[in-house]
Every structure is written in structure tokens, then in C-alpha cells.
Amino acid sequence: MTKHILFSNRNVVAWLSLVSAVGLHVFDEVMTDFLPTYNQIVLDLRNQLGFFPAPTFSFGVWLGGLIGAIILGYLMTMFVARGGKVIRIITMVLGILMIVNALGHFFGSIYLGKLFPGTWNSPFLFAAALFVTCKGSVGNGKENE
């Protein structure tokens, strides 16, 4: 598949935007010390509720998993380019999850009264996730269709 054909597919452009925004978001979270804040929130919720289904992570496992997910995201680009109902559903679900993630950082900042770690990149993550979700809902996204 040539570069011109690949980048004329709007779903591919949306997908690459999302994966890149997730990469920048992970960098933002690392630089603003997100993981200790996240782990403490999970532990506090477990103490208050008696059970909370979110895991806590060590730094290496958390960062390694996210880097692996980003690499997998880039590797999935060819499947996104081919399109199809299953890949559209997958991209839309991931897009919706990233919209929720971005909004969580935004509303977390409001709740805490200060910038929640990972908030600086959240507008870019939100925009890219919205883009991939909208593109996934309308078909294969090629210019000539």
C-alpha cells in the first residue's frame, strides 16, 4: 500500500492521530507523576467501598504496558486501512475510552482544584479520540467515497 493511498484514508489519519496522542498523553503522565496519584485514588476507593475493580501498578509494569499498547496501536494501522466492521467497532470503542480518559483528567482537575497529572495533553487526546470515533462511525473514510 503506497503512502499516498494510506494517508488518503481518513480512518488511518484519525487512527494515527489517536495513537500519537496516546503516546504524548503517556509522556505527559510520566512527566507529571500520574501513577502515584492514580494508585492512591484506587487504594482510597477500595478502602471506602470495600472493593474497587481497578488495579494498582508498579512504574515498570505500567509504563511497559502502555508502551506496548502504543506499539500495537501503530502496528494495527494496516488493519485500520483495510477497514471492515470489526476494526471500526474496535476503533470506536477505543476512541470512546480515550474520550472518557481525557474527560477524567479534566474533571479530576476540577475536583482536586489543581491540575490533575496528565491534564496538559488531555485536549489533544480528546480531539483525536473524537476524530477516530466519528470516522469509525461513517465507514472506511476514503476521499473518493
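Quick note: the coordinates plus some simple rules give every number you see, no bench work behind them. All of these numbers come straight from a predicted model, not from anything done at the bench. Backbone-built Cβ (ideal geometry, glycine too); neighbour counts: all protein chains shown.
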Taking segment 25-55 and the residues there that are surrounded by fewer than 16 Cβ atoms within 10 Å (Cβ to Cβ) and in contact with a helix residue (DSSP H, G or I) (Cβ under 8 Å, 6 or more places away or on another chain), the one that is farthest from VAL93 (Cα to Cα) would be PHE52
May I ask you to verify whether ILE70 is touching a helix residue (DSSP H, G or I) at 6+ places or on another chain (Cβ under 7 Å), of a type outside the set (D, E, K, R) and in a helix (DSSP H, G or I)?
yes
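Which residues, taken from segment 63-78, are farther than 14 Å from VAL22 by Cβ and within 18 Å of the chain's Cα centre (by Cα)?
Scanning segment 63-78 gives a single hit, GLY64.
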So the helices (runs of 4 or more DSSP H) completely within segment 73-145 holding 3 or more residues that are surrounded by fewer than 14 Cβ atoms within 10 Å (Cβ to Cβ) are 85-112
Those residues of segment 22-54 which are closer than 22 Å to LEU112 by Cα, within 18 Å of the chain's Cα centre (by Cα) and not acidic (Asp, Glu) amount to HIS25, VAL26, PHE27, VAL30, MET31, THR32, PHE34, LEU35, TYR38, ALA54
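Does segment 31-46 include one or more residues that are of a type in the set (Asp, Glu) and farther than 30 Å from LYS135 by Cα?
Checking segment 31-46: at least one residue is of a type in the set (Asp, Glu) and farther than 30 Å from LYS135 by Cα.
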